[in-house]
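The values are calculated or read from the model by the stated rules, or taken from the named source; none is laboratory data. Because the structure is a prediction, the values reported are computed rather than measured. Here the Cβ is made from the backbone with ideal geometry for all residues, glycine too, and neighbour counts use every protein chain on show.
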Amino acid sequence: MMMQEVSRCGSRPAAGKRAALVEVKRLLAAELKTENKLTAAKIRNLALQMRFQSHLKETINFVELEIQAKLANLAKIKAMIGNKRKALAGVMITKDKLRADNLHLYQRCQPAEKQEAAPGF
């Protein structure tokens, strides 16, 4: 496009050559200004992307650390639950043994005819 403009101006008489040079300088300045704006926009875009990707990386790292902490806490809770289940199983076994001993003692204390009326534990 610039070449067409220069050729049009160049086909005129000598006075047109100066005008053509002025026009070429004006066009080059406009093109340089446009390129500078485009370069600034690209740099701004890259800076925003880098700020965005670094923010995302920080957020991901923070969330990963939070997840690891929660998983460690979950493992502790599961271990505690396992220990309490074992303790509960032991208590229930002891309870059943005591109930059986109690029934046996109750039956030994009763006379023969009352043994049939023993409470059903």
Considering only the range 65-111, state which residues are among the polar types (S, T, N, Q) and within 24 Å of the chain's Cα centre (by Cα).
-> Gln68, Asn73
Flagged in the range 87-115 as basic (Lys, Arg) and either modelled with pLDDT of 95 or more or surrounded by 10 or more Cβ atoms within 10 Å (Cβ to Cβ) (or both), in numbering order, are Lys95, Lys97, Arg99, Lys114
Could you give me the residue pairs with C-beta distances under 8 Å whose first residue belongs to the range 21-46 and is assigned to a helix (DSSP H, G or I), whose second residue is of a type in the set (A, V, I, L, M) wherever it lies, and which are 6+ apart or on separate chains?
-> Glu23/Val6; Val24/Met2; Val24/Val6; Leu27/Met2; Leu28/Met2; Glu31/Met2
